[in-house]
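Asks: This is the structure, below, for whatever I ask next.
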Amino acid sequence: MSNSTQPAVQLTDVTKTYDGTVAVDGLGFTVERAQVLALLGPNGAGKTTTVEMCEGFVAPESGSVRVLGLDPITQSAQLRPRIGVMLQGGGAYPGSKAGEMLKLVASYSNDPLDPDWLLDCLGLSQATRTPYRRLSGGQQQRLALACAIVGRPELVFLDEPTAGLDAQARLLVWELVDALRRDGVSVLLTTHLMDEAEQLADELVIIDNGKIVASGTASELTKQGAEGRLRFSAPAGLELSLLDAALPAGYHPVEESAGSYAIEGVIEPSILVTVTSWCAEQNVLATELQVDQRRLEDVFLELTGRELRK
């Protein structure tokens with residue numbers, strides 16, 4: 001068994017091609033223990049190939065892939081009991097009943113979670129005796145998630161975990177992923193939902209054409225190169241020199257129109273404090289404070305383009 005201090009996933013300069021097309025091109029990133037990392041990218045960016053190499057279904061042509069300190073290809077027998085995989089297609093036998101399928105998967109583990117408890121947690125208790133093929137898309141998705149985590153894995157791979165789910169089920173999955181992290185489980189997930197990535201992930205990796213184009217926390221990515229703007233209303237004609245002096249270098253307040261003020265730059269909490277403190281010193285009340293900053297979706301589209309991928 002690998003040392004628990006080693007990263008959950010570590011890719012180093014990994015490359016994979018299919019029929020002369022480069023799917024993954026020198027990719028490298030790390031998923032730390034008890035961390036949720038979201039892999040983002042447009043269709044055809046190389047996300048699925050990357051995850052399949054981590055899961056041991058596809059071998060890289062060059063570079064190194066280590067999962068829980070093990071090679072997922074040559075040491076798959078040691079690795080399999082320690083990971084959970086949620087496939088977008090479900091992976092269940094079409095004729096099996098939901099409860100039977102989960103208990104079968106649980107039987108492969110030495111210390112599984114209670115399948116009945118897990119079915120109840122995921123709102124599947126009423127579907128225990130329903131054949132898989134007769135489950136709704138959302139129920140199939142939740143069953144796939146249950147199969148991925150029932151064996152108490154150290155690391156879980158989630159492929160579009162909330163695809164096709166309604167708002168309630170989506171929130172339930174979010175809460176479950178957060179609970180996995182709190183329990184020390186590492187999670188590598190793919191998603192097309194920017195709000196999901198922001199909500200769940202400690203770290204984001206955006207790839208396009210098989211290469212990393214950006215990585216970091218959601219906050220770091222939205223701040224990079226971002227010229228945000230703080231707008232507020234106050235009495236017209238205020239003397240701005242003292243506010244200008246109080247703000248950090250590069251921030252300059254302007255009165256865009258009578259009583260409407262703006263400050264451009266990366267708007268952090270300290271900037272808000274400076275503005276409100278200055279207003280208090282002037283014995284005026286700032287109203288209609290509004291911060292305009294880039295969203296993660298804006299960053300994603302700037303990096304990967306706006307054209308539709310097939």
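The values are calculated or read from the model by the stated rules, or taken from the named source; none is laboratory data. Just so it is clear, the structure is predicted and the values come from calculations on it, not from any experiment. Every residue, glycine as well, gets a Cβ built from its backbone with ideal geometry; the counts of neighbours run over all protein chains shown.
Asks: Taking the criterion of being surrounded by fewer than 16 Cβ atoms within 10 Å (Cβ to Cβ) and under 24 Å from the mean Cα position of the chain (by Cα), would at least one residue in segment 46-60 satisfy it?
Replies: Taking segment 46-60 and keeping what is surrounded by fewer than 16 Cβ atoms within 10 Å (Cβ to Cβ), we get 57, 59.
So of that shortlist, the ones also under 24 Å from the mean Cα position of the chain (by Cα) come out as 57.
Yes, the conditions are met somewhere in segment 46-60.
Asks: Then there's this: What do you reckon, is Pro235 surrounded by fewer than 18 Cβ atoms within 10 Å (Cβ to Cβ) and of a type outside the set (D, E, K, R)?
Replies: Working: surrounded by fewer than 18 Cβ atoms within 10 Å (Cβ to Cβ): yes; of a type outside the set (D, E, K, R): yes.
Considered against the rule, which asks whether it is surrounded by fewer than 18 Cβ atoms within 10 Å (Cβ to Cβ) and of a type outside the set (D, E, K, R), Pro235 comes out as yes.
Asks: State the number of residues belonging to segment 1-59 that are more than 22 Å from Asp178 (Cα to Cα) and in a strand (DSSP E or B).
Replies: Counting residues in segment 1-59 that are more than 22 Å from Asp178 (Cα to Cα) and in a strand (DSSP E or B) gives 16.
Asks: Moving to a separate point now. Could you list, in sequence order, all residues of segment 184-206 that are touching a Lys or Arg at 6+ places or on another chain (Cβ under 9 Å), closer than 22 Å to Cys54 by Cβ and touching a residue at least 40 places away in the same chain (Cβ under 8 Å)?
Replies: Gly184, Val185, Ser186, Val187, Thr190, Glu196, Leu200, Asp202
Asks: So, one more: For segment 277-290, enumerate the residues that are more than 31 Å from the chain's Cα centre (by Cα) and surrounded by fewer than 14 Cβ atoms within 10 Å (Cβ to Cβ).
Replies: Taking segment 277-290 and keeping what is more than 31 Å from the chain's Cα centre (by Cα), we get 277-288.
Answer for segment 277-290, where residues must be more than 31 Å from the chain's Cα centre (by Cα) and surrounded by fewer than 14 Cβ atoms within 10 Å (Cβ to Cβ): Ser277, Ala280, Glu281, Asn283, Val284, Leu285, Thr287, Glu288.
Asks: Right, Asp292: in contact (Cβ under 8 Å) with a residue 40 or more places away in the chain, over 30 Å from Gly210 (Cα atoms) and acidic (Asp, Glu) or not?
Replies: Values: in contact (Cβ under 8 Å) with a residue 40 or more places away in the chain: yes; over 30 Å from Gly210 (Cα atoms): yes; acidic (Asp, Glu): yes.
It is true that Asp292 is in contact (Cβ under 8 Å) with a residue 40 or more places away in the chain, over 30 Å from Gly210 (Cα atoms) and acidic (Asp, Glu).
Asks: If Asp19 satisfies all but one of (1) surrounded by fewer than 18 Cβ atoms within 10 Å (Cβ to Cβ); (2) within 19 Å of Leu68 (Cβ to Cβ), what's the number of the condition it fails?
Replies: Going through the list (1) surrounded by fewer than 18 Cβ atoms within 10 Å (Cβ to Cβ); (2) within 19 Å of Leu68 (Cβ to Cβ), Asp19 breaks only (2).
Asks: Tally up the residues in segment 238-263 that are of a type in the set (Asp, Glu), more than 17 Å from Glu288 (Cβ to Cβ) and within 39 Å of the chain's Cα centre (by Cα), please.
Replies: To start, the set of residues in segment 238-263 that are of a type in the set (Asp, Glu) comprises 239, 244, 255-256.
Checking the rest, the ones that are also more than 17 Å from Glu288 (Cβ to Cβ) come to 239, 244.
Those left that are additionally within 39 Å of the chain's Cα centre (by Cα): 244.
Number of matching residues: 1.
Asks: Those residues that are more than 19 Å from Phe157 (Cα to Cα) and modelled with pLDDT of 95 or more, I need them from segment 1-21; list them, please. Explain how you work it out, then say what you get.
Replies: Quick first cut of segment 1-21, residues more than 19 Å from Phe157 (Cα to Cα) only: 1, 3, 5, 13, 15-21.
Selection gives Asp13, Thr15, Lys16, Thr17.
Asks: What helices (runs of 4 or more DSSP H) lie completely within segment 116-232 and have 2 or more residues being of a type in the set (Gly, Ala, Ser) and within 30 Å of Asp292 (Cα to Cα)? Step through it out loud before you land on a result.
Replies: Numbers: elements: 137-149, 167-182, 194-200, 218-223.
So the answer is 218-223.
For (1) farther than 20 Å from Gly164 by Cβ; (2) out of contact with any helix residue (DSSP H, G or I) (no Cβ under 8 Å at 6 or more places or on another chain), each residue gets a yes or a no:
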position	(1), (2)
Arg80	yes, yes
Met101	no, no
Leu119	no, no
Gln126	no, yes
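Asks: Given the criterion of a type in the set (Val, Ile, Thr) and in contact (Cβ under 8 Å) with a residue 60 or more places away in the chain, identify the matching residue among Val24, Val14.
Replies: Numbers: Val14 fails: in contact (Cβ under 8 Å) with a residue 60 or more places away in the chain.
Exactly one residue qualifies, and that residue is Val24.
Asks: A further question follows. Of all residues in segment 104-115, how many are assigned to a helix (DSSP H, G or I) and more than 29 Å from the chain's Cα centre (by Cα)?
Replies: Going through segment 104-115, the residues assigned to a helix (DSSP H, G or I) turn out to be 104-107, 115.
Subsequent filtering for residues that are more than 29 Å from the chain's Cα centre (by Cα) retains 104, 107.
Count: 2.
Asks: May I pose another question? Among the residues of segment 82-103, what is the count of those that are in contact (Cβ under 8 Å) with a residue 40 or more places away in the chain and either over 28 Å from Arg66 (Cα atoms) or in a helix (DSSP H, G or I) (or both)?
Replies: Residues meeting the conditions: 4.
Asks: Restrict the check to segment 258-281 and report whether at least one residue is of a type outside the set (A, V, I, L, M, F, W, C), touching a residue at least 40 places away in the same chain (Cβ under 8 Å) and either assigned to a loop (DSSP other than H, G, I, E, B) or under 10 Å from Arg231 (Cβ atoms) (or both).
Replies: Looking through segment 258-281, none of the residues is of a type outside the set (A, V, I, L, M, F, W, C), touching a residue at least 40 places away in the same chain (Cβ under 8 Å) and either assigned to a loop (DSSP other than H, G, I, E, B) or under 10 Å from Arg231 (Cβ atoms) (or both).
Asks: Okay, moving on. State whether the residues of segment 153-165 include one that is polar (S, T, N, Q), farther than 25 Å from Leu200 by Cβ and touching a residue at least 12 places away in the same chain (Cβ under 8 Å).
Replies: Going residue by residue through segment 153-165, those that are polar (S, T, N, Q) are 162.
With the extra rule that they be farther than 25 Å from Leu200 by Cβ, the set shrinks to none.
No, every residue in segment 153-165 fails to be polar (S, T, N, Q), farther than 25 Å from Leu200 by Cβ and touching a residue at least 12 places away in the same chain (Cβ under 8 Å).
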